[in-house]
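K.L.:
Have a look at this one.
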């Protein structure tokens, strides 16, 4: 039986509580420290008999691995402190709000020789996993991610809040080089972009469009993928996939097994396995660097073309 990893968790908001629930169920994890700056959250955790600590420094002292689920603007400082003390880290997306901060983390990780991953949870979505083996057969993609308004995540634009999920999936599927990038953006509730339309063409001829909003009346998370012979629709909310052979007339529906898995649990198990077994990870800072370069290019373009949409 592999050893248990001593894990500390900083940030016990919505996503942090989801992390905590899964961690407490994982045999490979020992939750040794929890830290949050909200006194009400702290009191609730203490009432449950959970290992709350009074400071982030105390969390680092108790842990060998740290999960950072705090608000995005705090990610860089928490991650830097963890890496300076040679702690493994899993940082919720988006990893940082600037290229300079991410490059500092890359340097610190290299010096510390520890694991540093980014929590792009959709990589573990069963619908995405089902299509992963077929990725070379798809040339064009269309992503749609819509959500009703909520203040959670609004400290950053919709680019870093929601679009980054789908940029990451497109990056994972292609690892391509951009030939052309176009974007339009609209703000409604914040001073930043709340809705974006994005088009990316890669130098090899593949491409994608993205329709992303946190101002929608309903939730939608899906993408279409197609190539010369196959057409697929992946619903990331229902975790289902439809696949067709488009060389036949009419197109023929093809069976496709969907793995049964909890995406967050799979992400945490991956993090722990990378630590204990020394595996390479597609969610390392080095791999996510390319995704974030795309995100910041879109962010800069969106800011130039930001329109108020009442």
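Nothing in this text is a laboratory measurement; each read-out follows from the coordinates by a stated rule. Keep in mind that what you see is a predicted model, and the values were worked out from it rather than measured. As a convention, Cβ positions derive from the backbone with ideal geometry for all residues, glycine included, and neighbour counts pool all protein chains shown.
K.L.:
Could you tell me the largest-minus-smallest coordinate of the C-alpha atoms of the chain on each of the three principal axes, in descending order and whole angstroms?
P.N.:
62, 49, 38
K.L.:
Measure nothing but the geometry: give the 0 to 90° angle between the long axis through the Cα atoms of 285-304 and the longest principal axis through the Cα atoms of the chain, rounded to 10°.
P.N.:
Approximately 60 degrees, to the nearest 10.
K.L.:
Between residue 229 and residue 276, how many nm apart are label points set 7 Å from Cα along the C-beta direction?
P.N.:
4.0 nm
K.L.:
Per-residue counts of other Cβ atoms within 10 Å, averaged by peptide: what ranking do you get for 184-190, 302-308, highest first? Spell out each step's value before the answer.
P.N.:
Values: 184-190: 17.4, 302-308: 13.9.
With the highest mean Cβ count within 10 Å placed first, the list reads 184-190, 302-308.
K.L.:
Let me ask you something else. Provide the FRET efficiency to the nearest 0.05 for the residue 39-residue 100 pair, computing r from the beta carbons and using R0 = 35 Å.
P.N.:
0.60
K.L.:
Right, something else. What does the helix-only formula give at 222 nm for the chain: each DSSP H stretch with n ≥ 4 adding -39500 (n - 2.57), the total divided by the residues, and the result rounded to the nearest 500 deg cm²/dmol?
P.N.:
Theoretical 222 nm ellipticity from helices: -10500 deg cm²/dmol.
K.L.:
Is the shape of segment 31-80 rounded, prolate or oblate, going by the alpha carbon gyration tensor and its root eigenvalues a ≥ b ≥ c, with a/c under 1.5 for rounded and a/b larger than b/c for prolate?
P.N.:
It comes out oblate by the Cα gyration axes.
K.L.:
On to the next question. More than 16 Å apart: what percent of Cα pairs in segment 5-114 qualify?
P.N.:
Beyond 16 Å sits 55 percent of the P(r) for segment 5-114.
K.L.:
Specify whether the C-alpha gyration tensor of segment 111-165 places it in the rounded, prolate or oblate class, a ≥ b ≥ c being the square roots of the eigenvalues: rounded for a/c under 1.5, otherwise prolate if a/b is larger than b/c and oblate if not.
P.N.:
Because a/c hits 1.5 or more and a/b fails to exceed b/c, segment 111-165 counts as oblate.
K.L.:
Sticking with this one: Between residue 6 and residue 179, how high is the FRET efficiency from 1/(1 + (r/R0)^6) when r is the Cβ-Cβ distance and R₀ = 51 Å? Nearest 0.05.
P.N.:
Details: r = 46 Å, r/R0 = 0.91.
For residue 6 and residue 179, the calculated efficiency is 0.65.
K.L.:
Separate question: Beta carbons within 10 angstrom, averaged per residue: use that to sort the peptides 144-152, 61-69, 27-35, highest first.
P.N.:
Most protected by this proxy first, the peptides run 61-69, 27-35, 144-152.
K.L.:
To continue, here is another question. Expressed in nm to one decimal, what extension gain is obtained for the pair residue 14 and residue 189 from 0.36 nm per residue of sequence separation less their Cα-Cα distance? Write out the running numbers ahead of the final one.
P.N.:
Numbers: separation 175, 0.36 × 175 = 63.00 nm, distance 2.07 nm.
Residue separation times 0.36 nm, minus the Cα-Cα distance, leaves 60.9 nm.
K.L.:
Right, another one. Full-extension gain between residue 289 and residue 307, please, as 0.36 nm times their residue separation minus the C-alpha to C-alpha distance.
P.N.:
Length difference between fully extended and current span is 3.6 nm.
K.L.:
With an 8 Å cut-off on Cα pairs and a minimum separation of 6 or more residues, tell me the relative contact order of segment 5-114 in percent.
P.N.:
Once divided by the residue count of segment 5-114, the mean separation gives 26 percent.
K.L.:
Taking the chain as the reference, fit the longest principal axis to its C-alpha atoms, fit the long axis of helix 75-84 to the helix C-alpha atoms, and give the angle between the two in degrees, 0 to 90, nearest 10.
P.N.:
50 degrees
K.L.:
Additional query: At 7 Å along the Cα-to-beta-carbon direction for both residue 21 and residue 154, put a label point, then send me their distance in nm to one decimal.
P.N.:
With each label point 7 Å from Cα toward Cβ, the separation is 2.4 nm.
K.L.:
Mind ordering 113-122, 163-172 by average Cβ neighbours within 10 Å, highest first?
P.N.:
163-172, 113-122
K.L.:
Could you check the spin-label model distance between residue 203 and residue 64? Points 7 Å from the Cα along Cα→Cβ, value in nm.
P.N.:
Label-label distance for residue 203 and residue 64, simple model: 4.3 nm.
K.L.:
Angle check, please: helix 164-174 long axis (alpha carbons) against the longest principal axis of the chain (alpha carbons), in degrees 0 to 90, nearest 10.
P.N.:
60 degrees
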